[in-house]
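See structure below.
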Amino acid sequence: MKAVRIEGPGHVATVELPTPEPGPGEVAIRVDAAAICATDRRLAKQGTPAPRIPGHEVAGVLGDGTAVGVQPNVGCGRCASCALGLENRCPDHVDIGIQRDGGLAEWIVVPEGHVVPLDGFPFELAPSIEPLACCLHAVGMLDVADGDLAVVVGAGTLGIIGMWALQAAGARVAVVQRSEARRRLAAELGADAVLEPGDDVAAALGALPGAALVTAPGVEALSWAIDHVDVGGRVHAFAGTPGGAPVDANIVHYRHLRLVGSTGSTVKDYRRARDLARSGAVPLDRMPSRTVALDEVPRILLDRDPHPRMLRVVVRP
């Protein structure tokens, strides 16, 4: 089969490999669509411990013709987190496309329990179910109710999908973003307000937000959210930051804030994401995207300056 493989730091190639065979409890999927995300770009830049096929946002077809999506966070199945269905919290998790080969290939083998029927959901949109599932998991930790005010820091792919997830929960959402192009895009895609970091978020929403989803990395983005939520507010650190992002604990302490975080999702989150998107409550079809072939992927993974308005790259092997 043809696949994209990370051979080392900054070295990505399209290669021919044997078609993988499923082991016990696994199934083989012919990949119909996969998407490139920031994690794939980071792995391509930094390299992986061993050659690896990236790609954790995947959809395809089983041998019997069933169209399926893949939930990529695979737990050990034995620990307390896995017993609760929280595979993404498993200390020994193995993620598809990161610790095991992913979907930027013609075929992929995955654990059967992480295969979710698409039930008619369009293939070209199906890779976006995975980031939506991650956003739903994060939003669930913010306890957002109908009529709440929220802010998303960052207007990248996860920022926009996170905005839609918050709106689906009933919140009015402002998006904070330095880039003018990304602010315009957030407004076009349905933000209730858009602003620069120096703008007055309370004026934009009518009051201070009670919840913040921080999708941009770095201490500046996280500190902004902690400074600008209301007293008793909730802040979700949804972006990883190399080297960490120290914050002022006194602000958390004296303003009665709740600071939480998460990565990945569960199979339950993935099923809910599929159903929400299929209902139209989350308009994944509005996400600016382009479609490419496998041969184009190595160049795209190493592109240092992707277009600011092109949030999704979908690969159709």
Inset, instruction - Report, by residue number, each residue of region 117-138 that is farther than 20 Å from THR39 by Cβ and not in a loop (DSSP other than H, G, I, E, B). - result: PRO117
Inset, instruction - Please work out if ARG42 is under 18 Å from the mean Cα position of the chain (by Cα) and of a type in the set (Lys, Arg). - result: yes
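Would you pick out the residues in region 14-47 that are more than 30 Å from ALA155 (Cα to Cα) and assigned to a strand (DSSP E or B)? Full working, then the answer.
In the first step, residues of region 14-47 are kept if they are more than 30 Å from ALA155 (Cα to Cα); the result is 14-30.
Residues satisfying the conditions are THR14, VAL15, GLU16, GLU26, VAL27, ALA28, ILE29, ARG30.
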Legend entry - Search result, residues across region 217-236 that are crowded, with 20+ Cβ neighbours inside 10 Å and either of a type in the set (D, E, K, R) or closer than 10 Å to VAL176 by Cβ (or both): ALA221, TRP224, ALA225, HIS228, ARG234
Legend entry - Any chance ALA133 is open to solvent by less than 10 Å² (accessible area, probe 1.4 Å), in contact with a Phe, Trp or Tyr (Cβ under 7 Å, 6 or more places away or on another chain) and at pLDDT 95 or above: yes
Inset, instruction - Look at region 82-115 and say how many of its residues are among the polar types (S, T, N, Q) and open to solvent by 30 Å² or more (accessible area, probe 1.4 Å). - result: 1
Legend entry - Selection count, region 27-72, where residues are over 22 Å from ALA133 (Cα atoms) and acidic (Asp, Glu): 1
Legend entry - Residue count, region 3-13 (criterion: part of a loop (DSSP other than H, G, I, E, B) and either in contact with a Pro (Cβ under 7 Å, 6 or more places away or on another chain) or without any contact (Cβ under 8 Å) to a residue 12 or more places away in the chain (or both)): 0
Inset, instruction - Could you tell me which numbered condition PRO9 fails, if it satisfies all but one of (1) open to solvent by less than 60 Å² (accessible area, probe 1.4 Å); (2) over 22 Å from GLU130 (Cβ atoms)? - result: (1)
Legend entry - Some residue of region 283-299 being open to solvent by less than 70 Å² (accessible area, probe 1.4 Å), within 30 Å of GLY77 (Cα to Cα) and in contact (Cβ under 8 Å) with a residue 12 or more places away in the chain: no
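Is it the case that ALA35 is at negative phi, small (Gly, Ala, Ser), open to solvent by less than 30 Å² (accessible area, probe 1.4 Å) and touching a Ser or Thr at 6+ places or on another chain (Cβ under 8 Å)?
On the way: at negative phi: yes; small (Gly, Ala, Ser): yes; open to solvent by less than 30 Å² (accessible area, probe 1.4 Å): yes; touching a Ser or Thr at 6+ places or on another chain (Cβ under 8 Å): yes.
Here the answer is yes, as ALA35 does meet what is asked.
Looking at VAL252, VAL267, VAL214, which is the one that is open to solvent by less than 70 Å² (accessible area, probe 1.4 Å) and either out of contact with any Leu (no Cβ under 6 Å at 6 or more places or on another chain) or at positive phi (or both)? Don't jump to the end; show me each part of the working.
Details: VAL252 fails: either out of contact with any Leu (no Cβ under 6 Å at 6 or more places or on another chain) or at positive phi (or both); VAL214 fails: either out of contact with any Leu (no Cβ under 6 Å at 6 or more places or on another chain) or at positive phi (or both).
Being open to solvent by less than 70 Å² (accessible area, probe 1.4 Å) and either out of contact with any Leu (no Cβ under 6 Å at 6 or more places or on another chain) or at positive phi (or both) holds for just one of VAL252, VAL267, VAL214, which is VAL267.
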Legend entry - Selection within region 163-183 - more than 17 Å from VAL229 (Cα to Cα) and not polar (S, T, N, Q): TRP164, ALA165, ALA168, ALA169, GLY170, ARG178, GLU180, ALA181, ARG182, ARG183
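The values are calculated or read from the model by the stated rules, or taken from the named source; none is laboratory data. Model, not experiment: these values are computed from the prediction. Note that each Cβ is placed from the backbone with ideal geometry, even for glycine, and that neighbours are counted across all protein chains shown. The area values use the complete protein model at the heavy-atom level, side chains included, leaving out ligands, DNA and RNA. Shrake-Rupley method; radii C 1.70, N 1.55, O 1.52, S 1.80 Å.
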